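Contents: one structure, followed by commentary.
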Amino acid sequence: MGASKKAIERASKFAARYRIDKPGKFRLKEWDADDTMDLGKEAKGRAAELLQAGVDHLAALQEKLYAQDRWGVLLVFQAMDAAGKDGTIKHVMSGINPQGCQVHSFKSPSAEELDHDFLWRTNCRLPERGRIGIFNRSYYEEVLVVRVHPEFLERQKLPPKLVTKKVWDERYEDINAYERYLARNGFVIRKFFLNVSKEEQKKRFLERLENPAKNWKFSLADAQERGFWTDYMAAYDEMIRATSTPHAPWYVVPANNKWFTRLVVAAAVIDALEELDLAFPKVDEDKRGELAAARKALTAGK
Ligand code: ATP
Ligand code: MG
């Protein structure tokens, strides 16, 4: 077994450790944002090399996914600001053929989007078969930011009698049903919560303020959201418990060390693709005949 294959297998074990397989027992406060599985300095030094091995492997799997054109993959990223969503997406998907990958970032909804049901705008952006679709934020904002700021729910113009205390439980139920529907249609879903600590977020915000090259990333609104940290954590906690399912599991990825976050996400995506029966389409008798004829015509021609 090659060194890189071994590294990938080891990385897969990291990923399994952060997958929420027993949602009933999940408590966010028990999950350490600093965790690096005691890999320490040595692994950190080799992180780039390990990640590259993962990215190469991922690229090879994605080529088959694309050629086979049966399965589709949806990767959902949720996190507090500055947890590293953008960097993780950039690094993990860096080896992938851009034609086989679609990234969508979901911001505050437009007037048109608010005129529809809450899954409408993301539904329009689902990946096609053969592709990897990435949601940078997603319909999960509907049980996160919208829950933390009830005025956002008001803006959604739901008939008042439909908005009861059960609204969040109903949304979890609808999301689970929707994801099961997608899974039954051949769309593999993996969801990542990048778990950054409040302290580390502060450090990263300060860096954005101090480093001119990072100034553009700083937003006062993001800093103000820190004031709602406890509410967000409660919303994440409940959401992960309610929506981790075998067909669409959440991964709670430690995000205080970017090198580790990227390794875990890469490994989880590799795992998901490895579970599929990916293979290049077989060339049948007719097609072989066609290829032979084409070769003959090409070599005979000028
Ligand atoms: P970055 O800050 O790295 O550029 P971002 O994903 O934080 O990326 P922003 O434009 O800063 O992008 O933020 C998007 C904002 O839109 C977030 O605060 C998010 O909570 C909010 N948002 C996303 N979906 C909804 C929704 N359905 N309802 C209300 N707000 C939403
Ligand atoms: Mg932001």
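Values quoted throughout were computed directly from the atomic coordinates according to the rules given, and no laboratory measurement underlies them. Everything quoted here is computed from the prediction, not taken from an experiment. Reconstructed Cβ throughout: ideal geometry from the backbone, glycine too, with neighbour counts over all protein chains shown.
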> Residues of segment 212-233 being of a type in the set (S, T, N, Q) and near ligand 2 (Cβ under 10 Å from one of its atoms), which ones?
Replying inline: Ser219
> So how many residues does segment 159-174 have that are within 13 Å of ligand 1 (Cβ to nearest atom) and either in contact (Cβ under 8 Å) with a residue 60 or more places away in the chain or assigned to a loop (DSSP other than H, G, I, E, B) (or both)?
Replying inline: 0
> Can you pull out the residues in segment 189-203 that are surrounded by 21 or more Cβ atoms within 10 Å (Cβ to Cβ) and either β-branched (Val, Ile, Thr) or in a helix (DSSP H, G or I) (or both)?
Replying inline: Ile189, Val196, Gln201
> So, in segment 96-122, of the ones that are of a type in the set (S, T, N, Q) and within 13 Å of ligand 1 (Cβ to nearest atom), which residue ends up nearest to the chain's Cα centre (by Cα)?
Replying inline: Ser105
